[in-house]
Amino acid sequence: MTRHESAPSSTAPRTDTQRRDWLGVGAVMIGIFLLVTAEQLPIGLLSQVADSLSVTSGTAGLLITVPGVVAAFAAPLLPVAVGRLDRRWLLTGLMTLMTLASLLGALADDFAMLLVTRVLVGVCIGGFWAIAGGLASRLVALEQVPRAMSLIFSGVAGASVLGVPAGTWLGEHTDWRIAFGSLAGLSLLVTIALWRLLPSLPAQQPVRLSNLAGQFASRGVRVGVAATALIVMGHFAAYTFVSPILQEIAGIPLASVSALLLCYGAAGLLGNFLAGTAAGRRPYATVLVIPLLLAIATLAFPWLGREPAAAIGLLMLWGAVFGSISVSLQTWILKSALNTEAATALMAFVFNLSIGIGAMAGGRVVDAIGLSGVLLGAGGLFVLAAALVARTPSRVVGPPQG
């Protein structure tokens with residue numbers, strides 16, 4: 001019997017139960033918001049961290065690589081590893097670990113120690129994401145599931161629009177350690193909220209690894225996964241170093257970076273909403289246009305981006321287009337998948353792994369060639385993604401709608 005089936009029949013108790021359910025949904029959303037913020041926060045503070053711990057910008061990029069790679073493997077493996085552990089206990093435990101990792105990160109006195117804390121952050125991101133994706137249907141009534149899902153995953157967009165810029169601003173005006181310490185305090189509050197607001201959530205049958213491999217029987221899934229890998233790797237190879245790119249290529253002062261990242265996130269949120277409608281009707285055309293526009297933004301940056309105004313314009317284009325990636329590629333995958341749950345788990349794995357690989361490759365390029373080189377490399381990956389989609393028949397994702 002589910003929580004909703006056992007709810008009291010009287011109106012007032014059911015209203016109280018509904019309110020508690022939605023507060024639980026909100027707590028999960030804030031948890032995702034903090035985890036995505038923690039994953040991407042070093043992007044805005046890369047120069048500070050590198051200088052403070054006496055490492056190169058390329059080496060500091062490992063702060064993005066490590067949690068991305070760890071999260072990729074944690075997403076499918078952690079739910080299997082914990083067996084039938086109540087998911088309320090699992091989510092609360094992961095946020096407790098997130099609190100500890102953020103606190104230790106703020107106190108780290110060398111880069112190796114900081115990198116260890118990023119491994120812990122990766123475990124939290126992957127495990128939490130894998131469980132949170134299926135919680136909406138267990139917390140609210142069936143007709144409210146789409147709204148609950150939207151609220152839960154608005155934490156991802158919120159992290160880009162508010163979390164990372166706010167953390168960057170705090171780090172710029174105080175110290176990067178203060179930003180990491182603030183994440184620890186907020187994570188502790190969310191840990192308490194999750195424990196108090198979530199009901200008991202007995203384990204359901206997890207997605208098996210064999211289900212993931214079986215998705216590749218669909219050409220649409222194969223192309224969608226490959227395009228996702230190319231686009232996400234290209235983006236994070238360059239975007240990981242957006243702070244030094246803006247400072248050294250465009251001549252924009254460090255004090256202005258947080259404000260620009262806020263605008264970048266807002267552009268991404270707008271792109272997300274616009275692409276949601278477009279991808280629902282024409283997923284093929286939407287996914288084809290995305291890497292082409294990203295290629296324009298990154299390939300033009302080393303030349304046009306030397307003027308601050310042009311650099312800001314290209315950055316906003318970059319943000320708006322990349323903000324549309326998740327909803328567009330997820331729509332593509334779901335329209336061509338054999339098993340939607342397994343395909344979603346596969347996408348989480350590929351997306352997070354590509355973040356890690358992209359940031360790591362970008363760091364090597366930055367150290368060997370420079371910031372312009374990583375922008376050109378990213379543009380090349382976007383062109384490859386566009387070519388891959390262009391060579392794929394549109395029928396693999398179904399006919400246009402509307």
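The values are calculated or read from the model by the stated rules, or taken from the named source; none is laboratory data. From a predicted model like this one, the values you see are computed outputs, not experimental measurements. Backbone-built Cβ (ideal geometry, glycine too); neighbour counts: all protein chains shown. For accessibility, only protein heavy atoms count, side chains too; no ligands or nucleic acids. Shrake-Rupley method; radii C 1.70, N 1.55, O 1.52, S 1.80 Å.
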Original post:
Do we have any residue at all in segment 196-203 that's farther than 26 Å from VAL80 by Cβ, open to solvent by 70 Å² or more (accessible area, probe 1.4 Å) and at pLDDT 95 or above?
Top reply: no
**OP:** Sort through LEU103, LEU77 and tell me the only one that's open to solvent by 10 Å² or more (accessible area, probe 1.4 Å), among the hydrophobic types (A, V, I, L, M, F, W, C) and over 19 Å from THR191 (Cβ atoms).
**Re:** LEU77
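Out of VAL116, VAL121, report the one residue that is over 18 Å from SER200 (Cα atoms) and surrounded by fewer than 20 Cβ atoms within 10 Å (Cβ to Cβ). Even if it seems obvious, please write down each step before you answer.
Values: VAL121 fails: surrounded by fewer than 20 Cβ atoms within 10 Å (Cβ to Cβ).
Just one listed residue meets the conditions, VAL116.
Residues to consider are THR15, THR2, THR92; find the one that is within 27 Å of LEU142 (Cα to Cα), at pLDDT below 85 and assigned to a helix (DSSP H, G or I).
On the way: THR2 fails: assigned to a helix (DSSP H, G or I); THR92 fails: at pLDDT below 85.
When all the criteria are applied, what remains is THR15.
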Original post:
Can you name the number of the only condition in (1) surrounded by 23 or more Cβ atoms within 10 Å (Cβ to Cβ); (2) of a type outside the set (Lys, Arg); (3) over 21 Å from the mean Cα position of the chain (by Cα) that GLY127 fails?
Top reply: (3)
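Quick grid of which residues meet (1) modelled with pLDDT of 90 or more; (2) outside any loop (DSSP other than H, G, I, E, B); (3) farther than 19 Å from TRP318 by Cα:
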| site | (1), (2), (3) |
| --- | --- |
| GLY356 | no, yes, yes |
| GLY362 | yes, yes, no |
| GLY373 | yes, yes, no |
| ALA378 | yes, yes, no |
| ALA386 | yes, yes, no |
| VAL389 | yes, yes, yes |
| VAL396 | no, yes, yes |
| PRO400 | no, no, yes |
**OP:** Kindly indicate whether SER326 is hydroxyl-bearing (Ser, Thr, Tyr), in a helix (DSSP H, G or I) and under 16 Å from the mean Cα position of the chain (by Cα).
**Re:** yes
Original post:
Give me the pairs: first residue in segment 275-300 and touching a residue at least 12 places away in the same chain (Cβ under 8 Å) and open to solvent by less than 60 Å² (accessible area, probe 1.4 Å), second residue of a type in the set (A, V, I, L, M) and outside any helix (DSSP H, G or I), beta-carbon distance under 6 Å, and six or more apart or on different chains, which are they?
Top reply: none
**OP:** Give segment 51-61 a look and list any residue that's over 9 Å from PHE111 (Cα atoms), at pLDDT 90 or above and of a type outside the set (D, E, K, R), or say none.
**Re:** SER52
Subject >> When residues of segment 43-59 are limited to those that are in a helix (DSSP H, G or I) and free of Cβ contacts under 8 Å to residues at least 60 places away in the same chain, the one surrounded by the fewest Cβ atoms within 10 Å (Cβ to Cβ) >> reply: ASP51
**OP:** State which residue pairs qualify: first residue open to solvent by 50 Å² or more (accessible area, probe 1.4 Å) and inside segment 371-391, second residue not in a helix (DSSP H, G or I) in any location, beta carbons under 9 Å apart, and separation of 6 or more residues or different chains.
**Re:** LEU376/ILE369
Original post:
Being open to solvent by 60 Å² or more (accessible area, probe 1.4 Å), closer than 30 Å to ARG391 by Cα and either aliphatic (A, V, I, L, M) or modelled with pLDDT under 90 (or both), is that true of even one residue in segment 177-186?
Top reply: no
**OP:** List every residue pair whose Cβ atoms lie under 7 Å apart, where the two residues are 6 or more positions apart in sequence or sit on different chains, the first residue falls within segment 349-363 and is among the hydroxyl-bearing types (Ser, Thr, Tyr), and the second residue, located anywhere, is modelled with pLDDT of 85 or more and assigned to a helix (DSSP H, G or I).
**Re:** SER354/THR228; SER354/ALA229; SER354/VAL232; SER354/MET233
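Counting only residues that are assigned to a helix (DSSP H, G or I) and over 20 Å from the mean Cα position of the chain (by Cα), how many does segment 78-89 have? Full working, then the answer.
Of the residues in segment 78-89, the ones assigned to a helix (DSSP H, G or I) are 78-81, 87-89.
If we keep only those that are over 20 Å from the mean Cα position of the chain (by Cα) too, we end up with 80-81, 87-89.
Count: 5.
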